[in-house]
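Input: a single structure, listed below in structure tokens.
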Amino acid sequence: MSSSEKEHTGGPAGELPAVAPQLRSLRRQAGLTLEAAARDAELSPAHLSRLETGQRQPSLPMLLALARVYGTTVSELLGETVADRDAIVRAGDMEPTHAGGWTYWQSGASGRGMQALRVRVPYGSQGDIVRVHPGEEWLYVLRGRLRLRLGDTTHALAPGDSAHFDSLTPHRLAAGDQDGVELLFVHTLLQSPTAALCLGPITGELP
């Protein structure tokens, strides 16, 4: 074990956050040295060492990066246990959630490596918000027309069209007509509030 991996002994052990030993355990399970994990997560070894010994609290972007490097979820990094989940989600159990003018129906179990949603996007809603975050996204247009901006290119999608892209590509979704658009939506960014990973609002209309 390198000197950067040795535990810091300052402070009562009872103050060590639960996430700290979990971070170290998952790194070792992944077979990574402190230096290798820090490099892959774009952190310094000293900073990762402080996270693993509870001297620093990880931010959400750090947790996302470490979850990606260790091949796990943010929930597991935080030591959360997930109850047994049914494979089937019944239509009557899909309660709508409203956020930012959009309506979401959870169409898959929580706590998994992907999140499946049915989404209704009204016309003129959130068209100025650019999203950039780790993961992948897949969407399928059920009804209406979607205007999807990926980087500098805008695509018009009709019912039956789909898109699959890296979420680190700056992207915007907007309804293409007054009746709004309804989508099936699957993404791998499971444990993080989407709003915390948006870059926006920005000026200008979706071209």
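Quick test of your reading of the structure: Ala163 fulfils all but one of (1) touching a Leu at 6+ places or on another chain (Cβ under 6 Å); (2) open to solvent by 20 Å² or more (accessible area, probe 1.4 Å); (3) small (Gly, Ala, Ser). Name the failing condition by number. If we test Ala163 against (1) touching a Leu at 6+ places or on another chain (Cβ under 6 Å); (2) open to solvent by 20 Å² or more (accessible area, probe 1.4 Å); (3) small (Gly, Ala, Ser), just (2) comes out false.
Return a yes/no flag: does region 51-66 have any residue that is small (Gly, Ala, Ser), within 20 Å of Asp166 (Cβ to Cβ) and either open to solvent by 20 Å² or more (accessible area, probe 1.4 Å) or in contact (Cβ under 8 Å) with a residue 60 or more places away in the chain (or both). Yes, there is a match, as at least one residue in region 51-66 is small (Gly, Ala, Ser), within 20 Å of Asp166 (Cβ to Cβ) and either open to solvent by 20 Å² or more (accessible area, probe 1.4 Å) or in contact (Cβ under 8 Å) with a residue 60 or more places away in the chain (or both). Scanning region 170-194 for residues that are open to solvent by 20 Å² or more (accessible area, probe 1.4 Å) and either assigned to a strand (DSSP E or B) or modelled with pLDDT of 90 or more (or both) yields a count of 9.
Applying the condition of being surrounded by 20 or more Cβ atoms within 10 Å (Cβ to Cβ) and in a strand (DSSP E or B) to region 140-157 and asking which residue is farthest from the chain's Cα centre (by Cα) yields Leu157.
Table: residues versus (1) assigned to a helix (DSSP H, G or I); (2) of a type in the set (Phe, Trp, Tyr); (3) under 30 Å from Leu184 (Cβ atoms); (4) at pLDDT 80 or above.
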{"site": "Pro21", "(1), (2), (3), (4)": "yes, no, no, yes"}
{"site": "Glu42", "(1), (2), (3), (4)": "no, no, no, yes"}
{"site": "Leu48", "(1), (2), (3), (4)": "yes, no, no, yes"}
{"site": "Thr97", "(1), (2), (3), (4)": "no, no, yes, yes"}
{"site": "Thr103", "(1), (2), (3), (4)": "no, no, yes, yes"}
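Of the residues making up region 23-39, those that are at pLDDT below 90, open to solvent by 50 Å² or more (accessible area, probe 1.4 Å) and within 23 Å of the chain's Cα centre (by Cα) number 1. Once region 121-139 is narrowed to residues that are in a strand (DSSP E or B) and open to solvent by 50 Å² or more (accessible area, probe 1.4 Å), the residue that is nearest to His98 (Cα to Cα) is Trp138.
The values are calculated or read from the model by the stated rules, or taken from the named source; none is laboratory data. Everything quoted here is computed from the prediction, not taken from an experiment. Backbone-built Cβ (ideal geometry, glycine too); neighbour counts: all protein chains shown. Remember, those area values only see protein heavy atoms, side chains included, never the ligands or the DNA or RNA. Shrake-Rupley method; radii C 1.70, N 1.55, O 1.52, S 1.80 Å.
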